Amino acid sequence: MWKTVLRPQSPFDVRAIRYVRSKPFLVRELAKSPCGIRTYANVVDVPKYDTEFDVIVVGSGAAGLTAALTATLSGNQKVLVAEKTKLFGGTSAYSGGALWVPMNPVSQAAGFKDTPEQADTYLRNYLKDEYDAAKPMISAYLEAAPAMVKFLESNSATQFVAAPTPDYYMHLDGACKAGRTVLNAPYDGRRLRGMVNQIRYPLQGYCAFGSLQVDLLALNTWRQPFRSWKNFSAVTRGVLRYAADRVRWGKGTELCNGNALVGRLFEKATESGVQLWNNAPAVQPLLENGRVVGMVINKDDRELRVYAKRGVILASGGFARSAELSRKYLSNPDWTVSPRGNVGDGLRFGLESGGKLPAPLGENAALWSPISILRPPKGPARSYPHFATAITKPGSIMVDSDGRRFANEAASYQDLGRATHEAGVRVSYLIGDKRHLQNYGMGMALPGGYPIRHLIKRGYLITARTIPALAHKLGIDPNNLSTTIERFNDFARKGKDEDFGRGDGSFDQAYGDFEVKPNPSLAPLEKSPFYALTLYSGNGITMYGLDTNRDGQVLKDSGEPVPGLYAVGADSNHFLKGRYPSGGLTLGPSMVFGYRAGLHIAKQ
């Protein structure tokens, strides 16, 4: 692509060029212009764009990398992934790496049974009146989900493992006991050599000693390193490898969970010729006759006009870090664990290009989670999301500032978030005893006897020998807190929570501890010392975004696609409009519709 410009030939040319630029229709007529401009300037052709690709992907999370790989491997496309920050992986690198993919070949090979009809029935029963509006996107998802897994695994871009976890509402017809959610096998980051340092670190609390990562399926081994010789050997090997990695690479190189997913996608993208630019924020879309034809990208302090022959895929991670957009579209915009670069660039680019936002999702506009905050002496505060980890385990409760429970603490995080908002609670406290901390951990305070003194010193973890003393430290009425815990302890011993039904649901039980009887979600708080974390109502990622069709094309107000523009992941509106009936329904749709977008753009 080229544009015609004027090259000055004499001191008079500046005025001449200004005149011609103000009247573009004269540019190609200079040779016969009656105003004599041809005396002072000539016409030359220079590139209209600084560089050219078939596809530009904005963002490097699992959605963007899946789209990039699909376009490259299925259509031999020349693809650029532009990452705004120094590190690749986006929110996906922070995550547990779970994907909800019914009928996936990994789970079926492991013996789990499922059908498209059964999965569709489950979603229909869960969504009820909202099902018909979501049906086209649901059909596209169920059709492409197993194909996406097969495509990436057959190209060595992923290695999934069937997860023994159920759908969240097992009482509904069509729910599946296990197999629809897949996790990621650990990945040897040494395969990336020096580039392993370009993968975004997991959140503190999801790793130990800075960057020692642990597979979610191996958590029990690391929680109880001295329980058996097998556990002790596994943990010792892991720590020794980590020590060696720190010396050679500066970080742990056994990548797990979402980090493992990003590592494999990153390796395959590099191997397949995808260009990966970091520190390269997209600035604005380039349009010609209503079609998106590229992006202005800031690279090495230069604004480059980058042409995209087939189109642009927005995968910038949503807007959770934008105070303005969060206040506008989220019912509870306080805290987030989303990376700092996720400030709504994709939404802005989509709207500038003629795309539209659907009706606001309200309470479903984000994936909710209580968040604890560590404030170190220097540097930014560090956030930890309390999803289905220790917060669901027996031996802990959540209370408000009056020292009273307000919800089922072991409910799915989306349900807990809604209940927290309905109760008007913005700050709460997670209370646990010594046994709970030792067995399951509390946020960044890891289980199994790992060091916690630094967390106590910094005020992240608060401890006391008695419940009244702990209440004083938290600024809670001691009588209220003592009464609440005594009542809860009575429920726990009987195995029945008469206030909020904790332990009754399938999610509560699945994420409890089956060694605890009579209810895997309930245990009394009675072992001194006692511990507390301050929790803030927050979110992990936004789920409200640009309106798209089944192939990820951004839609106009008319319902027609914006030519050349796609949006996936948190830049697109969630295909279930923020409803969350099972684990992996943020990362799963990100990759499934990233796959569909990559296929569609490759066929253009």
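A short reminder: the numbers here are calculations on the coordinates, not readings from a lab. What you are looking at is a predicted structure, and each value in this text was computed from that prediction instead of being measured. Using ideal geometry, Cβ is built from the backbone for each residue, glycine included, and neighbour counts are taken over all protein chains shown.
Put simply, the C-alpha atoms of the range 163-237 give a gyration tensor, and the ellipsoid matching it has half-axes of 29, 20, 11 Å, longest first. Rounded to the nearest angstrom and listed largest first, the equivalent-ellipsoid semi-axes of the range 329-443 from its Cα gyration tensor are 31, 18, 12. Here the extension length gained between Lys230 and Ala133 equals 29.8 nm, from 0.36 nm per residue of separation less the Cα-Cα distance.
For the range 452-604, relative contact order (Cα pairs under 8 Å, six or more residues apart, normalised by length) works out to 18 percent. In this label model, Arg327 and Lys378 are separated by 3.3 nm, measuring between points 7 Å along each Cα→Cβ vector.
Ranking Gly61, Gly273, Asn364 by Cα position along the charge dipole of the chain, where only Lys, Arg, Asp and Glu carry charges on their C-beta atoms, puts Gly273 farthest toward the positive end. I'd like the FRET efficiency for Arg487 and Ser528, computed as 1/(1 + (r/R0)^6) with the beta carbon distance as r and R0 of 22 Å, rounded to 0.05. Computed FRET efficiency for Arg487 and Ser528 comes out at 0.70. Considering all different alpha carbon pairs of the range 189-301, the Kirkwood hydrodynamic radius works out to 16.7 Å. Please give me the summed charge of the neighbours of Asp334: other residues whose Cβ is under 12 Å from its Cβ, Lys and Arg +1, Asp and Glu -1. Every neighbour counted, the sum reads +2. Ranking Leu217, Ala162, Val182 by Cα position along the charge dipole of the range 124-281, where only Lys, Arg, Asp and Glu carry charges on their C-beta atoms, puts Leu217 farthest toward the positive end.
Taking the square roots of 5 times each eigenvalue of the Cα gyration tensor of the range 124-198, largest first, gives ellipsoid semi-axes of 33, 16, 11 Å. Taking the dipole about the Cα centre of the chain, with the C-beta of Lys and Arg at +1 and of Asp and Glu at -1, give me whichever of Phe226, Gly346, Leu240 is farthest to the positive side. The residue sitting farthest along the positive end of the dipole is Leu240. Each of the peptides 190-200, 255-265, 124-134 was scored by the mean count of other Cβ atoms within 10 Å over its residues; in descending order, highest first, they stand as 255-265, 190-200, 124-134. Taking 30 Å as the limit for the C-alpha separation, the pairs Lys328/Lys473; Lys150/Lys299; Lys84/Lys268; Lys113/Lys603 exceed it in the case of Lys328/Lys473; Lys150/Lys299; Lys113/Lys603.
The average projected area of the chain, computed from the convex hull of its Cα atoms over all directions, is 30.7 nm². Between Asn279 and Ala109, the simple spin-label model (points 7 angstrom out along Cα→Cβ) gives 4.1 nm.
When all alpha-carbon pairs of the range 367-539 are counted, what percent fall beyond 29 Å? Here the tail beyond 29 Å accounts for 11 percent of pairs. Multiplying the residue separation of Ser558 and Val247 by 0.36 nm and removing their Cα-Cα distance gives an extension gain of 106.2 nm. Expressed in units of 2.2 N^0.38 Å, where N is the residue count, the Cα radius of gyration of the range 449-500 is 1.42. Charge tally for Ile397 (other residues, Cβ to Cβ under 13 Å; Lys, Arg +1; Asp, Glu -1): -3.
Rounded to whole Å, the principal axis extents of the Cα atoms in the range 468-569 read 63, 33, 22, largest first. In percent, rounded to a whole number, the relative contact order of the chain is 20, using alpha-carbon pairs under 8 Å and six or more apart. Computed extension gain for Ile456 through His171, at 0.36 nm per residue and net of the alpha carbon distance, reaches 98.4 nm.
Taking the Cα centre of the chain as origin and assigning +1 to Lys and Arg Cβ atoms and -1 to Asp and Glu Cβ atoms, the resulting dipole is close to 2080 debye. Counting Lys and Arg as +1 and Asp and Glu as -1 over every other residue whose Cβ lies under 10 Å from the Cβ of Pro520, the net charge comes to -1. Here each label is just a point 7 Å from Cα along the line to Cβ, and for Glu352 and Glu422 those points are 4.1 nm apart. The overall shape of the range 359-409, judged from the alpha-carbon gyration tensor, is oblate: a/c is not under 1.5, and a/b is no greater than b/c. The calculated FRET efficiency for Glu117 paired with Gln159, based on their beta-carbon distance and R0 = 25 Å, is about 0.30. Let's test the formula: R0 of 22 Å, r as the Cβ-Cβ distance of Asn76 and Arg302. What FRET efficiency results, to the nearest 0.05? Efficiency computed from Cβ-Cβ geometry: 0.15.
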